[in-house]
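Working notes, structure below.
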Amino acid sequence: MTLKKRNLLGMLTPSSNTVLEPITSAMLAGLPDTSAHFGRFRVTEISLGENALGQFENAPMLAAADLLADALVGCICWNGTSAGWLGFERDEELCAAITEATGVPACSSVLAINEIFERTNVKTYGLVTPYLADVQEKIVANYAKSGFDCTAERHLDLQVNYSFSDVTEEQLEEMIRDVAARGNPDAIVIYCTNLRGGTLVEKLEQELNIPIYDTVQTAVWKSLKVCGVDPSRVTGWGRLFRELD
């Protein structure tokens, strides 16, 4: 007797992140043939300082990806948002480098967001993050260069990556409702993979009637697509899984 095909999703994970792993596993709980597997590399702070930016050089990320490839994963996803302030080309280059080094198809949370924006004709968006003001400004500027207008944003001026996981769902709900009311955006993005945003998406989409894209959610969605798994099999985690194949 042989096992049925297993869909193994590889996730590159910031070392101090404590949210994306349990939420990713919860999203996949209804798919007995699909599981997520995580490889960490060191990330402890988010800022525009030299040391913080240096955390996202390719070498440590490729080393973590190489270890993930030992598990014969069907894809390797960078489950983080650094390309938001470093430039989207950084994730494009990283994904290409991962595939070249490991032979495994690669994707990222941020590139998935950008694909979703393009496919759903998003022109305006609301932005919710825990980041410092200058990091937030970089994200907004990079999206503006690509033709996406941030009509309202909220950020928490936090720098320590671990601290993002202490932001409560109640805080996030208030921020999301605020950007929805002030900006009237085509979509809202919860832009950090160490926030508890994924659990709020289904409820708040129904309340606000606005698509909400959380970056842990988009990493799972894109990874499923890369591995040939129907995203609509994930239920209760937002319209993304129902509406975009």
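Here are a few things to note about the model shown:
- Residue check for GLU169: closer than 24 Å to PHE88 by Cβ and surrounded by fewer than 16 Cβ atoms within 10 Å (Cβ to Cβ): no
- Any hit, the stretch 42-64, residues being surrounded by 17 or more Cβ atoms within 10 Å (Cβ to Cβ), under 17 Å from the mean Cα position of the chain (by Cα) and part of a helix (DSSP H, G or I): yes
- Residues satisfying the criterion are absent from the stretch 212-233 (criterion: of a type in the set (Val, Ile, Thr), more than 20 Å from LEU111 (Cα to Cα) and out of contact with any Gly (no Cβ under 8 Å at 6 or more places or on another chain)).
Quick grid of which residues meet (1) of a type in the set (Ser, Thr, Tyr); (2) outside the structural domain of GLY103 (by TED's automatic domain parsing); (3) over 16 Å from the mean Cα position of the chain (by Cα); (4) closer than 23 Å to PRO130 by Cα:
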site	(1), (2), (3), (4)
ASP178	no, yes, yes, yes
VAL189	no, yes, no, yes
LEU204	no, yes, yes, yes
LEU208	no, yes, yes, yes
LYS225	no, no, no, no
GLY228	no, no, yes, no
ARG233	no, no, yes, no
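- Where a residue in the stretch 43-60 is more than 18 Å from CYS192 (Cβ to Cβ) and its partner, wherever it lies, is at pLDDT 95 or above and outside any loop (DSSP other than H, G, I, E, B), with Cβ under 8 Å and at least six apart: ASN51/GLU45; ASN58/GLU93; ASN58/LEU94; ASN58/ALA97; PRO60/PHE41
- Checking GLU170, GLU153, GLU137, GLU115 one by one, the residue that is out of contact with any helix residue (DSSP H, G or I) (no Cβ under 9 Å at 6 or more places or on another chain), modelled with pLDDT of 95 or more and acidic (Asp, Glu) is GLU170 and no other.
One line per residue, one yes/no per condition, for (1) closer than 27 Å to ALA71 by Cα; (2) out of contact with any strand residue (DSSP E or B) (no Cβ under 8 Å at 6 or more places or on another chain); (3) crowded, with 24+ Cβ neighbours inside 10 Å:
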position: GLU93; (1), (2), (3): yes, yes, no
position: ILE98; (1), (2), (3): yes, no, yes
position: GLY103; (1), (2), (3): yes, yes, no
position: SER108; (1), (2), (3): yes, no, yes
position: LEU111; (1), (2), (3): yes, yes, no
position: GLU115; (1), (2), (3): no, yes, no
position: GLU118; (1), (2), (3): no, yes, no
position: GLY126; (1), (2), (3): no, no, yes
position: THR129; (1), (2), (3): no, no, yes
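- Options LEU20, LEU8, LEU86: the member that is farther than 20 Å from GLN217 by Cα and at pLDDT 95 or above: LEU86
- Which listed residue, of GLU153, GLU100, GLU174, GLU118, is without any contact (Cβ under 8 Å) to a residue 40 or more places away in the chain and not assigned by TED's automatic domain parsing to the domain that holds LEU208: GLU100
The values are calculated or read from the model by the stated rules, or taken from the named source; none is laboratory data. For clarity, every value in this text was computed on a predicted model and none was experimentally measured. Reconstructed Cβ throughout: ideal geometry from the backbone, glycine too, with neighbour counts over all protein chains shown.
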